[in-house]
Structure formats: C-alpha cells, structure tokens
Amino acid sequence: MSQPIIQMKNIEKHFGSVIALNGVSVDIHAGECHCLLGDNGAGKSTFIKTMSGVHKPTRGEILFEGKPLNFSRPRDAIEAGIATVYQDLAMIPLMSVSRNFFMGNEPIKKFGPFKLFDHHHANEVTMEEMERMGIHLRGPDQAVGTLSGGERQTVAIARAVHFGAKVLILDEPTSALGVRQTANVLATIDKVRKMGIAVVFITHNVRHALAVGDRFTVLNRGKTFGTATRGEVTPEELQDMMAGGKELATLEGILHGTV
Amino acid sequence: MTEATQPAVIDERVKEISSFRKALIRPELGGICGTILVFIFFFLTAADSGMFSAKGVMNWSVVSAQFAIIAVGACLLMIAGEFDLSVGSMIGFAGISIAILSVQLGLPMWFAIIATFVLCIALGGLNGWLVIKTGLPSFIVTLAFLYILRGLTIFAAISTTRKTIIGGVKDAAEGDWLAPLFGAKVFTGFFQWLADMGLIDTFTRGVKKGMPVVEGVPMLIIWAIGLIVFGHILLTRTRFGNWIFASGGDARAATYVGVPVNRVKIVMFMFTAFCATIFATCQVMEFGSAGADRGLLKEFEAIISVVIGGALLTGGYGSVIGAALGALIFGVVQQGLFFAGVESSLFRVFLGVILLMAVILNTYIRRMITGEK
C-alpha cells in the first residue's frame, strides 16, 4: 500500500489525572474507509478530536502526508484537508441548505467596490453537489430543518468533499438514524471513498462498520487492539474486542447471543 | 439509492408547498400584515384628524424613524444571538457626552461628535467582549450596563453643570461642518415648491408666513433609511451576513466550519452602540439640548420592533426590513392614537397585545420552517 495520508504514532492524551488515550497508533490511507470502533468512553471522541486539531496530544506524533503536524486550532486542520462531520453539530436548521453549504466559505461576487455573497453560484453548486450524493432537494433555499437526519449528514459530507477534504472524519453519523437513512449515509460513505478520499468512520455498530469498512481499529479503555483488514475479522470478534471480551460473553449468555 | 446522473426525481414524501405557504415563510410577513392593518385602522378612525396631512405624516415618520434607527442595530444583534439592554442608557450617555464636550469644555462640535462615536462604539465593544469572555448571557451583562451607563450619565451631568439637562447645543453647533449631518433638514427646496404649488399647507401668520408647514426631511429619516438599506444588504447579500445568521443559529456549528463567531458578535454589539449614538446625536441636534434621562426604555422598544418584524428571540432568524416595518407600526400607532384622540395610556395595552400576537405568529412560522411539531 502507498504512503499513509495520516499516521498517528503512540498518541497519548491526558486530561488532568485521567488518561483518555494511552498510546494509540493508527495509519489512514487515501481511498479507504477506516472504521474506528469502540464502546462509550473508549476514547474515540478524544482520538478524532486530536486528529482534527481540537485537542493537542500529550505525547506522540501525528504525520500528515509524511510531515509532522501541529494544529493549534480546528481551522488549521480544515485548511490542511481534514474535515470532521459531527453528528448533531453539522448544520444550522433555520438556515437554507445553500447558506449552510457555504457557511464559512461563502462565494463572493464583486459589485463595484462591494463584495457580495454570490447566491446564484451558491445555489447552483449546492443543487449539483447534492445530486451527486443522490439527494434531490426541493430547492437550495429549503431550510435544513426540513431535512431528515440522514440528509443533513449527507449535506455535511457533500460540503466537506466539495471544499477539498482529503480526510473525512465522521463522528457516529449513523447512531441516531433509522434503517433507510442509515443505508443512505453508508452509500454516501462508499461514494466518497471511491473518490479517493480517506474516510474515518466512528461507530459502535459493528454491522454498519462491516458494511463499508476496509480496515477496522478497535479502541478499548484508551488503548487499541491493533488494526484488522476486511475479511480477516468476524463481527463477533469485533464485538468482543469492543466490549473487552469477557463481560459481554457473560451478557450474551443471558441474552441468548443476540447482542 | 438512485444514481447521481438521473434527472431530478420527485420524492413522493415531500409535499409540494403552495405559493401561499411559501409567502408565509418569510420573516417580514407579520410586519407586512401589521402595517397594512394599522394603516387601514387609522384611515378609518383618524382620517380627518390631520394624521395624513403633510405635517401629520412627517410627525409619525420622524417617530418611526427614531425607532427604526435603534431597531436595525437590535435586529442584527438579535439575529447574531445576543441582546443589548443598554441601548437606552447609551442614548442618554451619548447625548450628555456631546453636550459636555462641546458646551461645557468648549471643544468644536465635530470633535465632540466624533469623540462620542468612538467612545460609545468602544463601550459597545466592551459589552460584547465581556459577553464573549465570561460566557454569561448578554441579557445580564447588558442589564448591568443599563445601570452603569445611566448612573454615569447622570453623575457626569450633575458634577459638571449641577443640572441633568444641558442646553446650548444649538449655539455650539452653529457653523459646524459635521453637525448638519445629524440636525439639518434636506429637500427644503422641494417642500417650498410643493407649498408654492398649493400641494401642502403653508403658515398663514407670523414670521414664517408663506413657508411650508413641513420645511424638509430631517436627517434623522435619511439616517433611518440609510441604515435599513445598509443592514438589509449586509444581512442578505454579504458573507458577513451569512456569518450573522450562523452565529445566532448555532454558534458551535458555526465555529466548527471556521466562522469567527466571537468577532461577529462583538462587531454587532459595536454596531448597536453606533446606532444608539446616531439616535442620540440627531436628538441632541434637534432639541438643542441633552438630557441625562433620554432614551429611557428605548432598548425594549427596539426589541419589540424587531420581534414584531419577525425575528426570533433565540437568534438565527429575522429580517431588517421586518424590523423597519415593526418600527413603522410602532410609530404610527403611538402617534395615531394621539391623532385619534384616544387616551394615551391605552397605547401600552395595544403594544403589549401586538407584541404577544407577533411572538405567537413567529413561533408558528418557525415550526413551519424547521418542520418541528
């Protein structure tokens, strides 16, 4: 495989006396969907926030395209091409889809000495990009609040892709969605991966991960059990690793193996 | 999942929206309906009272323009997700500041005006900075400034002149190059021409015999129109306008995509202070005096105009045109009840009722936009 786009080496992150991450190493390659699995409190959020520039690692090294990286704010990560889509913080419901799409990156049209928001261009691009992701909007001025949860995630993904993301981090994009919407988002992830973008897909749902993932890294109590490639690992093994094995086996006994 | 290359497929679950409902989903709708209703009401009840004569029109236009000037600032700030309750105190403070600097200290009027603008905008910035730094609700921070500024204003007036009203501003402004920008009347030739044509009334007695009862349009109205146009274009047609919506809609989501939310909010606090200072300067130039108690309750009147105009108290949604219509309704009703000979205390009753109706309508409209239940 080619050189990884992001290498996280022995990342440690301490919050006071709490050790959130204790030496995690992951490589992310362009065009792959890398699933980051873990139960609540495993350190998934801390890990992606370190990757996207929100947190600075206490120890360890991040290499982006082979060069060491030091983000001081989220904007640096965005400019470098690392985009994060947060589950509930992606969109502003009262604003139109096209205003949301270009939020922070508004296209400008010169009108004499004045710089005006180019709504015409914004609307056109928004409709185009949403079509590419398979979502047919009623109109670019439709408020985001009228979209379903899955559609909102898709707008956020389309936005990140349009603005040149090389790495797309998705924070539990499917956890609050229904069956059909989940399928839509997973299909979108597949499309993005085929465009050659590295996708980091955070989830605690093994079935969602196996549906689109190329490689899988399981986090448990701030540590990783290493990375498995598609086909090398069974859903049961992933599930066990996430839960720390033993306790879940006992639970599964009680629940007759349905978890 | 359909392939991207297919032509637009109609989603059977998305209901077609009628053009009537589409028209309803505009923040200005309440303001437009209210304006029409108010004018019909006063045409029917006060048409023969002189309310719609040239003098009458100018009367309620000036009052509406006063509301509009502070409503534009309050509107943009509310859409950015914050309040400023210190607007009224800022008006009193700015007026006294101009009077002390020019009349008491004998500085040139242009300097007094510019210095006051700088000082007030800096205070607005301080308001915003405190709100951002402390993370406290702007309601509390600016409530503190409501008292601080009012107290300072009265203290400054008393300690320099032993009075709360400082006169003599008109004399001090005589021959100044900047003062007419706030105190003059424009289009006087046009009004004289109208009077000569017999289209508007003229004075029939006294020193002003033969001159029109309305000499011209006060700069106050020009400022109001200018600010409305500026605010509307800023909000709907610029990048900064999108940031204002984003900051008020969801500050965290906006920050994550790189919108400088803190800067937007602080600039909006400064703009609100700027509007209050314009109001104060025009008022001081018109009256020729400054009073430490000027601007009382103006912060609430500005907020009411904005809410009647369709903005949401929670931020992220609203319109400058709506706020301007809210100010017009406010002005027309306040002066119209006077023309109609209605007991003036009823004005507040009416105001409360119209505010309540506006908020209920706005909540309903927001539900339609976001599809909430």
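The values are calculated or read from the model by the stated rules, or taken from the named source; none is laboratory data. Keep in mind the model is a prediction, meaning the values are calculated, not measured. Cβ atoms come from the backbone with ideal geometry, glycine included; neighbour counts cover every protein chain shown.
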Answer with yes or no whether B:Leu152 is farther than 21 Å from B:Gly183 by Cβ and more than 22 Å from the chain's Cα centre (by Cα).
-> yes
On the given criteria, is A:Ile92 more than 9 Å from chain B (Cβ to nearest Cβ), touching a residue at least 24 places away in the same chain (Cβ under 8 Å) and buried (at least 17 other Cβ atoms within 10 Å of the Cβ)?
-> no
Being part of a loop (DSSP other than H, G, I, E, B), at pLDDT below 90, more than 16 Å from the chain's Cα centre (by Cα) and of a type in the set (Phe, Trp, Tyr), is that true of even one residue in region A:71-79?
-> yes
Search region A:136-145 for residues being in contact (Cβ under 8 Å) with a residue 40 or more places away in the chain and not small (Gly, Ala, Ser), and hand back the single one that is farthest from the other protein chains (Cβ to nearest Cβ).
-> A:Pro140
Note: among B:Ala99, B:Ala74, just one is part of a helix (DSSP H, G or I), more than 16 Å from the chain's Cα centre (by Cα) and among the hydrophobic types (A, V, I, L, M, F, W, C), namely B:Ala99
Based on what the data block shows, is A:Pro140 outside the structural domain of A:His34 (by TED's automatic domain parsing) and either surrounded by 16 or more Cβ atoms within 10 Å (Cβ to Cβ) or more than 19 Å from A:Val26 (Cβ to Cβ) (or both)?
-> yes
Verdict on B:Leu356 being at pLDDT 85 or above, within 14 Å of another protein chain (Cβ to nearest Cβ), surrounded by fewer than 17 Cβ atoms within 10 Å (Cβ to Cβ) and within 20 Å of the chain's Cα centre (by Cα) | no
Is it true that A:Glu12 is under 28 Å from A:Arg230 (Cβ atoms), in contact with a strand residue (DSSP E or B) (Cβ under 7 Å, 6 or more places away or on another chain) and among the charged types (D, E, K, R)?
-> no
Among helices (runs of 4 or more DSSP H) completely within region B:147-244, the ones holding 2 or more residues that are within 14 Å of another protein chain (Cβ to nearest Cβ) and buried (at least 18 other Cβ atoms within 10 Å of the Cβ) are B:219-237
Region A:102-123: number of residues that are at the interface with chain B (Cβ under 10 Å from one of its Cβ atoms) and not in a loop (DSSP other than H, G, I, E, B) = 9
